[in-house]
Structure formats: C-alpha cells, structure tokens
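Since every read-out is calculated from the coordinates, none of them should be taken as a lab result. Everything numeric here is computed off the predicted structure, so don't read it as measured data. Backbone-built Cβ (ideal geometry, glycine too); neighbour counts: all protein chains shown.
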Amino acid sequence: MNSLQLLSCGPLLSCVLLAACSAGNTAAPDSTRSPVVEEWSSYGAKPGGTHFSAAAEITPDNVHQLAQAWVHRSGDIREASGEQGMEGWLPQSSLQVTPIVVDGGLYYCTPFNRVFALDAATGEERWVYDPGLDTRQDLLMNCRGVSSWRSGEAGFCEHRIFTGTLDARLIALDAATGKPCPDFGGGGEVDTTHRISKHDPVEYSITSPPAILGDLVITGAMVLDNVRTDAPAGVVRAYDVRTGELRWAWNPVPPGSEARDAEGNFVSGTTNVWSIIAVDAERKLVFVPTGNTNPDFYGGHRQGLDYYSSSLVALHGDSGEVAWHYQFVRHDIWDYDTPAQPTLVDLTVNGETVPAVVQVTKMGLTFALHRDTGEPLWPVEERPVPQGDLPDGEYLSPTQPFPTHIPATVEQPFSADDAWGLTFWDKGACKDRLRALRNEGLYTPPSEAGSLHYPWSGGGNNWGSPAIDPRSGIMVVYTTHLPGYIKLTPQAECQGFFQRQAGTPYCVDTDMVASPLGLPCSEPPWGTLDAIDLAAGRLLWRVPIGTTRDLAPWPLWYLDGLPGVAAPMLTGAGLVFSGITNERAFRAFSLETGEELWKARLPVAANALPMTYTAGPNNRQFVVVAAGGHWSGGTPAGDYIIAFALPAAAP
C-alpha cells in the first residue's frame, strides 16, 4: 500500500539551507531548436510509462548552461502539526506532482487538489480550478498528476483534464477554460466511494493520475495502511470519459469469490491500487500494480483474500476482467506492495523483439513479463524463505520468486557485521541494535521481539522509478539501501500506537534502524541511481545521489547517497535528470557513464518525477520539476514548479 513512511530524521539529519551549486563553464549556448514538438502527455511521458522523451536540444555538452526559465507557485502548503507517528498527527503537504504538457498547455495539481493550467513556454497562468477540498480531513496531502483526453474535435470539453481528489471525487475539466464538464457525472464529477463501506475520510483517497484508454477514464484509490482488516475495498473503476457512467469495476477478490455483498456493496478488505496505472491501447489492456491487503504486517485473517496482493494484474479494457496476473510477493506481511507504474517497452530476448512489461519492486527485484501472457521473459526461481516462530495465527508462503537475469539493486544479506557508524561508539550501538533483531534474510517474518526489515518498506525501488530508454533497453532506477525494523505488539498494549491494525492480534511499530546520532545503521550510500541493461542482465553503473550538505552540520557534508523517494527521467540526448527527497538539489547525469554533469539549487527538495518537452515558437526544450519536500523529513513543504532551459537564442 501507499505507506506513510515514518522515517525518523535524527539530530544530524535536521534541515539547513542548501549551499551554492556548481556553476559550469561559459560556452556559447546551442541555438539549435527541435523541428518536432515533443509533448509529455501522460504522467510517465506515455500511457505505458518509460519516463523517456526524445527531446534532445539539451545535451551532455551543453547541459551545464541550464538555468531557471520560469517558476510557478500555487501557495498550497500545509505545515505539519502534532507529534509524528501519533494519533492526531497531520504531516506536511508534499508536492509530488509531475505536470503534463498537451497542445502547448502545462497542467498540474497541488496537494490541495487545485488544478492549474500554464503556458508551457512562459509559465504564465491560464486558469485555476479549486474543488473545495477540506485540507484538515486528509492525512497524506499529495496529488501525483492529472490526465488528458482529446476527442479530436473542437469545442467545449472536447479536450478534458481529469483529476482525482483526496476526498475521492473524479473530476473532468475543460482544458481551455478550467470549467467542469457538466455532462460528466453530476456537474463535472463522480463520487468514487459509491458502494464502498463506511469509512473515515482519511482512509480513502485518489492520489495518482487516472489512466485513459479510448473512451474510458480508469482509477484506483489509496486506502490508508494499517488501520483495520475491514478497510474500504480496493476497487478499480472505469468510467465513460463523456458521461461519467460506470462502465466496469474490478474488486480484487480471489477467483470464484463474490466481489459484492448481499446489499450490492463491494466486499471490504481487498487490496487497492494506489500507484500509477499503465495502459496498452493496441492490446486494450490495463496494467494495475496492486498494493497489499490491509493491514500490511499481519495476514493471519486473510485466508486467500490477498490472492492479487503485491502483484501486477492485466485487465481487459473493455470489461475489467482479469487477463493474467503475476504475484511478486506471496502472502505479503512486509508492506512490499507493487509501488511503481508498470513500464511497457519492447525488449530483445534470444534475438527476438518481445512486448514486455517491466516492474520494479520494493525488494530491489526487477521482473520482466510478456505483455500478452504475464510469463517471465527470463527464468524466475522459487527459493525457500524464512519460516517458523510465527506470530499468533500467522502463516507464510514457503517460497518466494526471485528473478535470475536482471540483477537485484539491493544486496543481500545484511547483518550486524555490516553495521556502520561515524565513530566506534555509534557503530557499536548499531551493531547491538541489529543483533537484537530477528534476522534470517529477506522475508524474515515480523515478530514481537522485532525483526530486521531490509530493504525497508520504502524500498529498494519505490513509486518514483523506473525510467527506461526504449531504444537501448537501459533502465535507470533510484534505490534506497536502508535497514528498518518491524515490531509487533499485542493489542492489549497498543494504547497510543499509530499503526493499530485493528482486527488482528497486533499493532505494529516500524521505522529505520538508526544510530544514537539519528543516522542509518547501514554504510552509505543510502540512495543510489542504478543503470541496468535489461536485455544483457547487467548493472552498467551505480552512483550515489544526494549529499548530507543540506542536512547535517559541517564537517559532515561528505556523506553521499541519501535515502528517500526520487524519480529519474531520460532524454533522447542521453541525459538522466533526478531530484532527491532530502536534498534541495536537482541534477543531470550522463546515461552512458553515470557522471554528474549539472546541479541546480532548489528552494526545497524535489520529490517528484521530472519531465521535459519542447514549446514556444522555436520549440525550446524545457525541463520541469516540482519542488515540494516530503513528510519523511529533510526539508520543509514547498509549492514550486520550476522550469529550466538553455539560454534563449539570439534573435
């Protein structure tokens, strides 16, 4: 599920201002502009992801000249209140959005679900729509993006911008004016909580952009983690783009089970789809990455209800029926849900071009499946995993799947012998803390004594990754290398616990395994960009991303590679762009070597997938990133949409 990452940032990870960034040389700007307009029409660039654009005006040779072209601010910021991890806590808002660019307009949503339309070349505001959200009713304040549908005709609402809200409305707006499309649902919106069980408003929200397939707009929803076993159903719904009529709904119950109860309501407790959906228009398939069945860290009650949990499910677009599914974690009790948008690319396998769907996971394992059948393109081994000494009523899968061709991005095993610290004192404390945890490797079961969780539930790879160059099959992912723990506590002792897991015998405490100084107990880098040749099954390079200069006092500025949530983007000129959750910086790297080529100072950290496009009379290339911080720590909330470009050509 969409975990609320309670990353404790200790004394050495407190925020300080970003120092000056690298300046680059003074070579003359490249005045050549692209003759082809490159849009970014969907969250991941294309409906099947990739995070790749063919735009190539900005190159490894001139990227050092990038400078801010314009900035837009919405003013939509919520500060944190209350004590982190406790009832009544409201974390800061997080600007996780990736704008889209269609027909010269740039569209994005804010954590308050306001939607803005800008001129893509100048950043000038065209319109804003406010859905009237109650910002005190939602815990996780974020909106990752909006979606575009065009009929190909002229007129009001023939180009629609679709957005979901934290109070679970799906809204259709006219792209030219920002006014609701009155023929869609009731006054331009539909209520996606229809036939969902009674729930608190914070439990059910739309945080990711809906998918568009033909005349359908398709959405899942975020269901809050670790609240109760009878959480709202994780239904995926498809609506008619013009009328808002419900065309189909898929509730992930096991095969042969009823998706609705006797009253016609969707059966509760099913896994949800909180992340980004991908579609294949040619095959009319909808690829949904599923979350984990609630709650995350105990599953003794499920008895098959998690059949579709932590999986990739291909649905027929015309009916919502399952075409195939592949489960990455069986009976997931580690919050290892499928976090990122499935990526549709063609890969070379044994000399043949194969339609593939690539899925990264929080375990750092990457699966490549045939798009038509869900069969692995390369062998996947079933390996025994830890068993025995289970919590009351729990059960486990005896094996889990491990890909053999694409290298894992997280090295296993991790033990107390790998403890790290700045001094012998804190290294020794880390070693003691790690030794006290149950540790039998990946998939060690949660326990009352506390179990090592490596990688922790923030990844490995999380919702920001991956980016894949469809020409070369090279994938770039952001990987977190961070030890966590899972500690179960009997319900009788759970007063004041944030993660109650009501309906199970245990509440749960999860966090990073940290030293007394607040630093992770694993050796840096804690965050890396990894480039993998998928066809060859080879790691090409690994580089740390992020430094502690923004987060720690001098002289502790030298630590490279920060934990967090980052997202890479690739361009046709062979550049990788990425921000980093806990540093106020935006960087460009060489896809060929991983060398850092450019860095820009940001007012707050960038916690979103960057994007690029060409716009204006000369098709100037822009690179845009949202800088808005993250509730897991490091930098404050922000509201900055920042565009970078090469210096404008002389007239």
Charges at C-beta only: +1 for Lys and Arg, -1 for Asp and Glu. How large is the resulting dipole of the range 11-645 about its Cα centre, in Debye rounded to 20?
720
Ranking of H159, H370 by count of other Cβ atoms within 10 Å, fewest first
H370, H159
With a cut-off of 8 Å between alpha carbons and a minimum separation of six or more residues, what is the relative contact order of the chain in percent?
18
Residues Y558, Y326 in order from fewest to most other beta-carbon atoms within 10 Å are Y558, Y326
With runs of 4+ DSSP H residues as the only contributors, calculate the mean residue ellipticity of the chain at 222 nm using -39,500 (n - 2.57) per run, divided by the residue total and rounded to the nearest 500.
-500 deg cm²/dmol
Counting other C-beta atoms within 10 Å, which of H301, H194 has the fewest, and how do the rest follow?
H194, H301
Where in the chain is the longest stretch that carries no trypsin sites (Lys or Arg not before Pro) classed as loop by DSSP and with at most 13 other Cβ atoms within 10 Å?
199-470
Local net charge near T479, Cβ-Cβ under 13 Å (Lys/Arg +1, Asp/Glu -1):
0
Relative contact order as a percentage, the range 544-634, C-alpha pairs under 8 Å and 6+ apart, gives 22
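Using the structure shown, list the pairs from K284/K599; K179/K362; K46/K179; K179/K599 with a Cα-Cα distance above 32 Å, or answer none.
Working: K284/K599 41 Å; K179/K362 39 Å; K46/K179 26 Å; K179/K599 39 Å.
Long pairs (Cα-Cα over 32 Å): K284/K599; K179/K362; K179/K599.
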In the neighbourhood of K284 defined by beta carbon distances under 15 Å, the net charge of the other residues (Lys, Arg +1; Asp, Glu -1) is -3
Students often get this wrong: which residues of the range 277-309 have the backbone nitrogen under 20 Å from the point 7 angstrom along Cα-to-C-beta of S319?
279-288, 308
Can you tell me what percent of all Cα-Cα pairs in the range 11-645 are more than 47 Å apart?
9
